[in-house]
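Scroll down for the structure; my scribbles are underneath it.
Bear in mind these aren't lab numbers, they're just calculated from the coordinates by the rules spelled out. Keep in mind that what you see is a predicted model, and the values were worked out from it rather than measured. Reconstructed Cβ throughout: ideal geometry from the backbone, glycine too, with neighbour counts over all protein chains shown.
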Amino acid sequence: MADSSFDVVVIGAGPGGYVAAIRAAQLGFNTACIDRRGPPGGTCLNVGCIPSKALLQSSHHYEDATKHFADHGIEVGKVGFDLGKMLARKQKVVNDNTKGVEFLFKKNKITYIVGEAKITAPGQLSVGSDKISAKHIIIATGSDVTPLPGVEIDEKQVVSSTGALELTKVPGHLVVIGAGVIGLELGSVWHRLGAKVTVVEYLDRVLPTNDGEVSKQAQRIFEKQGLEFKLGTKVTGAKLGKKDVTLSLEPAAGGAAAELVADVVLVAIGRRPYTTNLGLENVGIAVDKRGFIPVDSHFQTSVPGIYAIGDVIGGAMLAHKAEDEGVALAEILAGQHGHVNYNAIPGVVYTWPEVAAVGKSEEQLKAEGVEYKVGKFPFTANSRARANGDTDGFVKILADAKTDEVLGCHIIGPSAGDLIGEVVLGMEFRAAAEDIARTCHAHPGLAEAVKEAALGVAGRAIHL
Ligand code: FAD
Ligand code: NAD
């Protein structure tokens, strides 16, 4: 590639970057997107959302066949699985998705450059020996695994989420460090395929950022499924043996140390912003103390003309949050009014049952001194959930005590990640719980549990 110049250059082709590039191109900007990985799609498509959901789906089918078909009177005989095929299918799903993004780049006449980008001066970048100039530079370099001191990741015996998506053998005993989203999703995958799974969590509950009642219920359900939890426990070191790993554990509150032996250890204690070799020092952009790039309400960094979006600026580290920021920023650059409503960003844990949340938790409302009402409805009382044989969990809606505006919704249950959508839409339109309660919902449907929870806010659920 010869030296070239563009209106917009996006660094990173993850959900933040590739979506920003597409929207910028739609708005008439001559746009390039650069990624050092090769296939576009970033963490999400290559080693995150998509491969993890492919394996969750495959392992869910296997578990249905081995544990649940019999409840429906279906006899399948001895059920087995071919892990190689399962992993190959996952990779095909990834490849099809990344090719889809390449197609979208072509369709939108976006120049896609594979290589590591370095910002050399305001409006100037280099990729290897090539020099590129841009009116607007968008940093969308995402995030990487947070390491745990004393527990070195070799992606074989001690793996990050990336290695946990590639295990060629089901481990006898998988120890997961961190009972967050990755720990529960990938812990579920390998547990369904036959591993004993122990999850070690520093705090005293699983999914610590979710609503407390949901966390408790999630722990109960996952324990019933067979996952084991060691809460309030920190891992202080790992010793690699020939075939196993011995972890040193300590109670977080202090006390006697213990050991735990695993075949494979998954470190899933969070992700941190990625800005290595980006050249921020060349333009004087300072990161904050956690490594995130500070931006203003228009996603501009401290340097005019250089913007940042997605995981690298912090907030919810979610693909759809990054995408929405990409769209908003491209529209702002085009003189429009791009905006992201951070109060209405859903978060979903794709275990089974799924866990979905939007808005405030009860703990947050209490801490903020907001008066609220609660409507709750269990899936045991929902006819579709009963017909499906999927009755674990509930829907909980939190609404302002005075105005009835929906402030939060927390669902643990079948297809929670899809059910939350109507509440997110409602919150975008500042719906009252009564608006959802008076909306006709098809029968028999899981979404009727959402309607009943909304009715429950006014104490008038019909089926409870
Ligand atoms: P990224 O997707 O991280 O993309 C950044 C890109 O920038 C990378 O491809 C990188 O190669 C490139 N890059 C970095 N530096 C340079 C440079 N100097 N030059 C060129 N290229 C560079 N989120 C969800 O919403 N739903 C999920 O189900 C979900 N599941 C997940 C499962 C796992 C196992 C993991 C790890 C994450 C998951 N996430 C999920 C989180 C999601 O992947 C991230 O929030 C999302 O990818 C962030 O998008 P981004 O565009 O900010 O960055
Ligand atoms: P997380 O923040 O969800 O969970 C990390 C967990 O590790 C927390 O419960 C935390 O208390 C615990 N922890 C931290 N330090 C510890 C220590 N030293 N010992 C034991 N436990 C410790 O992070 P994650 O699961 O690694 O996921 C990373 C990011 O990727 C998240 O921000 C998440 O949003 C995103 N992600 C999203 C999805 C999804 O949307 N379905 C799926 C996977 C990942």
Name the strands (runs of 3 or more DSSP E) wholly within segment 253-316 that hold at least 3 residues that are within 12 Å of ligand 1 (Cβ to nearest atom)? 271-273
Enumeration of residues in segment 224-263 that are charged (D, E, K, R) and closer than 17 Å to Ile182 by Cα: Glu228, Lys230
Cβ-Cβ below 6 Å, separation at least six or inter-chain, first residue in segment 162-190 and under 15 Å from Pro208 (Cβ atoms), second within 15 Å of ligand 2 (Cβ to nearest atom) and part of a helix (DSSP H, G or I): which pairs? Val176/Gly183; Val176/Gly187; Ile182/Ser161
If I filter segment 292-332 down to residues being free of Cβ contacts under 8 Å to residues at least 40 places away in the same chain and hydroxyl-bearing (Ser, Thr, Tyr), which single residue comes out as surrounded by the fewest Cβ atoms within 10 Å (Cβ to Cβ)? Ser297
(1) of a type in the set (Lys, Arg); (2) in contact (Cβ under 8 Å) with a residue 60 or more places away in the chain; (3) closer than 25 Å to Glu185 by Cα all hold for Arg386 apart from (2)
Could you list all residues from segment 162-196 that are of a type in the set (Asp, Glu) and within 20 Å of Lys224 (Cα to Cα)? Glu185
One residue is enough: does segment 54-74 have a residue meeting the conditions closer than 21 Å to Ser143 by Cα and within 16 Å of ligand 1 (Cβ to nearest atom)? no
May I ask you to list pairs of residues, at least six apart or on different chains, whose Cβ atoms are under 8 Å apart, with the first in segment 271-291 being closer than 28 Å to Ala179 by Cβ and the second being outside any loop (DSSP other than H, G, I, E, B) and of a type in the set (Ser, Thr, Tyr)? Arg271/Ser143; Arg272/Ser143; Pro273/Ser143; Tyr274/Ser143
Taking the stated definitions as given, is Lys321 basic (Lys, Arg), within 14 Å of ligand 2 (Cβ to nearest atom) and over 25 Å from Gln225 (Cβ atoms)? yes
Within segment 66-77, identify whether any single residue is out of contact with any strand residue (DSSP E or B) (no Cβ under 9 Å at 6 or more places or on another chain), acidic (Asp, Glu), without any contact (Cβ under 8 Å) to a residue 40 or more places away in the chain and buried (at least 16 other Cβ atoms within 10 Å of the Cβ), and answer yes or no. no
